[in-house]
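Inspection log for the structure reproduced underneath, given as structure tokens.
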Amino acid sequence: MIDRLSHWTARAMLVFAALLGFSLSFVVCADVIGRVVFNSPLQGTPEMVSSAIVIICFMQAPSAIRSGGMIHMDFVVIHLPARWQSWFAALSALLGAAFFAFILWGGYDPAWYAWSEGEYEGEGALRVPTWPARLTIVIACALATLNYLLIVIRNVRAALAGNAPTLPPQQA
């Protein structure tokens with residue numbers, strides 16, 4: 001149940017990140033055309049782009065973890081027995097969970113502050129609120145941590161059974 005919900009949420013976040021990236025390309029094009037043709041750039045483009053890039057990157061992390069797309073080195077581990085491969089995969093996933101948990105822990109207070117105090121980025125014609133990017137970091141890191149912990153459980157089970165490490169099941 002948790003695995004399916006996590007899968008659906010990670011896929012939805014990936015789709016949203018793709019749509020945001022696609023939309024962002026139009027903002028950048030409008031800024032460039034306005035700057036070159038009309039000598040009037042689109043106001044707030046740097047602030048929108050910087051916030052959107054953070055949102056896009058963090059929204060893709062849970063899906064990358066679930067699909068096994070995060071970078072990993074296995075040139076030594078593949079020569080070990082299947083049981084040990086599973087133990088090292090579990091340890092690796094545990095370290096990944098700790099990494100994202102630390103980001104979550106460090107990002108919670110800034111996200112709450114940005115929301116409660118109405119923190120903005122930029123000056124002049126367009127001020128972009130910072131809470132969407134900060135809240136996205138918190139939510140995406142929570143889901144990334146959950147996905148890594150699910151991988152830990154899966155690989156500990158595989159290690160105890162003497163099997164090779166497993167990737168999360170891919171649901172449609």
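The values are calculated or read from the model by the stated rules, or taken from the named source; none is laboratory data. What you see is a predicted model; the values in this text were computed from it and never measured. Backbone-built Cβ (ideal geometry, glycine too); neighbour counts: all protein chains shown.
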Boolean, LEU91 is part of a helix (DSSP H, G or I) and closer than 24 Å to LEU146 by Cβ:
yes
Assigned to a helix (DSSP H, G or I), free of Cβ contacts under 8 Å to residues at least 40 places away in the same chain and loosely packed, with under 12 Cβ neighbours inside 10 Å: does that describe SER40?
no
Which one of ALA82, ALA90, ALA61, ALA140 is over 20 Å from ALA12 (Cβ atoms), among the small types (Gly, Ala, Ser) and either touching a strand residue (DSSP E or B) at 6+ places or on another chain (Cβ under 8 Å) or buried (at least 16 other Cβ atoms within 10 Å of the Cβ) (or both)?
ALA90
I'd like to check something: does segment 55-63 contain any residue that is among the polar types (S, T, N, Q) and either more than 14 Å from the chain's Cα centre (by Cα) or part of a loop (DSSP other than H, G, I, E, B) (or both)?
no
Could you list, in sequence order, all residues of segment 100-128 that are buried (at least 17 other Cβ atoms within 10 Å of the Cβ), free of Cβ contacts under 8 Å to residues at least 60 places away in the same chain, farther than 13 Å from VAL54 by Cβ and of a type outside the set (A, V, I, L, M)?
PHE100
Criterion: in contact with a Pro (Cβ under 6 Å, 6 or more places away or on another chain) and either under 21 Å from ALA144 (Cα atoms) or loosely packed, with under 14 Cβ neighbours inside 10 Å (or both) - qualifying residue of ARG11, ARG35:
ARG35
Working only within segment 14-32, note down all residues that are surrounded by 15 or more Cβ atoms within 10 Å (Cβ to Cβ) and within 18 Å of GLY68 (Cα to Cα).
LEU14
Taking segment 143-168 as the search range and keeping residues that are surrounded by fewer than 20 Cβ atoms within 10 Å (Cβ to Cβ), in a loop (DSSP other than H, G, I, E, B) and out of contact with any His (no Cβ under 8 Å at 6 or more places or on another chain), which one is modelled with the lowest pLDDT?
LEU167
If I filter segment 117-126 for residues that are in contact with a strand residue (DSSP E or B) (Cβ under 8 Å, 6 or more places away or on another chain) and part of a helix (DSSP H, G or I), do I get at least one hit?
no
Hey, any hits in segment 49-69 for a residue that's touching a residue at least 12 places away in the same chain (Cβ under 8 Å) and farther than 30 Å from HIS7 by Cα?
no
